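Below you'll find the structure, written out as structure tokens, and then a few comments.
The values are calculated or read from the model by the stated rules, or taken from the named source; none is laboratory data. The structure displayed is predicted, hence computed values, not measured ones. Because the Cβ atoms are built from the backbone with ideal geometry, glycine has one as well, and the counts that use them run over all protein chains shown. Note: accessible area is taken over every heavy atom of the protein model, side chains too, but ligands, DNA and RNA are not part of it. Shrake-Rupley method; radii C 1.70, N 1.55, O 1.52, S 1.80 Å.
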Amino acid sequence: MIGILGGTFDPVHFGHLRPALEIREQLQLDEVRLVVSARPPHREPPVASALQRLAMLRAAVQGVDALRVDDREMRRAGPSYSVDTLESLRGALGAEPLALIIGMDAFLGLDTWHEWQRIPTLAHLVVTHRPGWSLQQLGGSSALLQLVSERAVEDTGMLHHSPAGYLVFQPVTQLEISATRIRTLVRARKDIHYLVPEHVHQLIKAQAIYG
Ligand code: ATP
């Protein structure tokens, strides 16, 4: 089973990388692919270019075989919809299980994603805890509550026995880091050491990516 963690990665930080690695170990995934959202449809355009974000991601996973960078959204025109990415992976994987990893903040907005109801037909959903976010914040979103009641399981082993369709909530080391905060720190000429891998820090500095 492979895991997919999509993101803007503007820039990639330890709050992405450490949970990705932990999920790989907890769920015994063969690898986790980090997919750069070339043109994220649900938010403001990223500050760094897609090529810069890809370069930072590549620098971040250097020497870590368990994490791979996937640039398929950059090779596709139009908005980067996750459902299209999962469909293309599903085509390549056949019936092999596939897990889409998303943080709790992203999960709470899942029902606004393009064709979101097709996502559980293409992959399992692995929702990771993120500081400041909880399922209680779902409020009145009955569509997502229904998804949870229909698909959530406790036993992660079940994910290995079906290509898609289950949902699990996974605790990971809680790192209160966000890309927005990192960009703000760089603009304010503050030190971002220990929030991002050193190679990423070097790239941000060398190319003055965030000013
Ligand atoms: P921004 O601040 O620009 O919105 P971000 O730090 O939230 O960025 P994204 O690239 O948007 O990063 O996130 C990609 C995925 O990683 C999402 O599923 C998100 O929930 C998850 N994620 C990001 N930061 C963390 C974190 N600190 N802990 C756990 N999950 C995270």
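Numbers below:
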| item | result |
| --- | --- |
| Those trypsin sites (Lys or Arg not before Pro) in region 33-66 that DSSP places in a loop and that have at most 12 other beta carbons within 10 Å | R43 |
| Rounded to 10°, Cα long-axis angle of helix 142-151 versus longest principal axis of the chain | 70 degrees |
| Region 154-211: GluC sites (Glu not before Pro) in DSSP coil with no more than 10 other Cβ atoms inside 10 Å | E154, E176 |
| Alpha-carbon centroid distance for the pair region 19-48 / region 111-185, whole angstrom | 13 Å |
| Nearest-ten-degree value, helix 14-26 long axis tilted from longest Cα axis of the chain | 30 degrees |
| For K205, solvent-accessible area (1.4 Å; no DNA, RNA or ligand), Å² | 130 Å² |
| Dipole magnitude (debye, nearest 20) for the chain, charges at Cβ of Lys, Arg, Asp, Glu | 860 debye |
| Convex hull of the chain built on C-alpha atoms - directionally averaged projected area, nm² | 11.3 nm² |
| Region 79-152: GluC sites (Glu not before Pro) in DSSP coil with no more than 14 other Cβ atoms inside 10 Å | E115 |
| Using alpha-carbon coordinates, inclination of helix 50-61 to the longest axis of the chain, degrees | 80 degrees |
| The chain, relative contact order in percent, only Cα pairs under 8 angstrom and at least six apart counted | 25 percent |
